[in-house]
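The values are calculated or read from the model by the stated rules, or taken from the named source; none is laboratory data. Worth saying up front: this structure is predicted, and the values here are computed from it rather than measured. Here Cβ is always computed from backbone atoms with ideal geometry, including for glycine, and neighbour counts include all displayed protein chains. Ligands, DNA and RNA are excluded from the accessible area calculation, which covers all protein heavy atoms including side chains. Shrake-Rupley method; radii C 1.70, N 1.55, O 1.52, S 1.80 Å.
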Amino acid sequence: QVQLVESGGGLVQPGGSLRLSCAASGSIHVINAMNWYRQGSGKQRELVASITSSGSTNYGASVKGRFTISRDNAKNTVFLQMSTLKPEDTAVYYCNAGIVRLGFFTAMDYWGKGTLVTVSS
């Protein structure tokens with residue numbers, strides 16, 4: 001079994017910063033891309049940022065220049081540093097990764113349960 005567990009969400013004032021973490025655990029052989037998605041109330045889930053196993057990154061237009069994604073391959077962990085937060089960043093943030101389990105040859109998609117980020121004064 002493989003699990004993704006997010007942490008670091010909470011309440012922050014506009015203009016503030018927050019750092020999310022997502023740790024993968026279980027019978028992991030290889031982790032391919034790791035991604036952060038978010039879903040605001042009444043909105044569709046959207047891709048926030050992604051990072052490949054070699055460290056190449058990609059960002060959604062609404063967060064480019066404010067958010068930074070990084071990963072620690074030794075700890076199977078991905079981070080999302082969020083700065084200059086805006087009320088419209090309020091959402092549940094989900095971690096997602098393509099993972100090849102031990103004994104298998106193809107990657108499967110795994111999701112965390114999400115962590116709530118609220119940006120409000």
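Worth a mention:
- Calculated accessible area for the chain comes out at 54 Å² per residue, all protein chains present (probe 1.4 Å; ligands, DNA, RNA ignored).
- Computed magnitude of the charge dipole of the chain (debye, nearest 20; Cβ of K, R +1, Cβ of D, E -1): 60
- Cα-based reach from LYS43 at 20 Å (exclusive), listing lysines while leaving out same-chain residues under 8 positions away: LYS64, LYS86, LYS113
- For the chain, the Kirkwood radius over C-alpha pairs fed into Stokes-Einstein at 4 °C and 1.567 mPa s yields D = 90 µm² per second.
- Projected label distance in nm at VAL100 and LEU47, using a 7 Å step from Cα toward the beta-carbon: 2.1
- Within the listed set GLY60, GLY42, GLY16, the Gaussian network model of the chain (springs between alpha-carbon atoms below 10 Å) gives the highest mean-square fluctuation for GLY42.
- Relative contact order of the chain, pairs being alpha-carbon contacts under 8 Å that are 6 or more residues apart, as %: 37
- Of the solvent-accessible surface of region 1-115, computed with a 1.4 Å probe and all protein chains present, 50% belongs to carbon and sulfur.
- Put simply, the amide H of THR90, placed in the peptide plane, has neighbours under 5 Å in VAL119, leaving out anything fewer than 5 places away on its chain.
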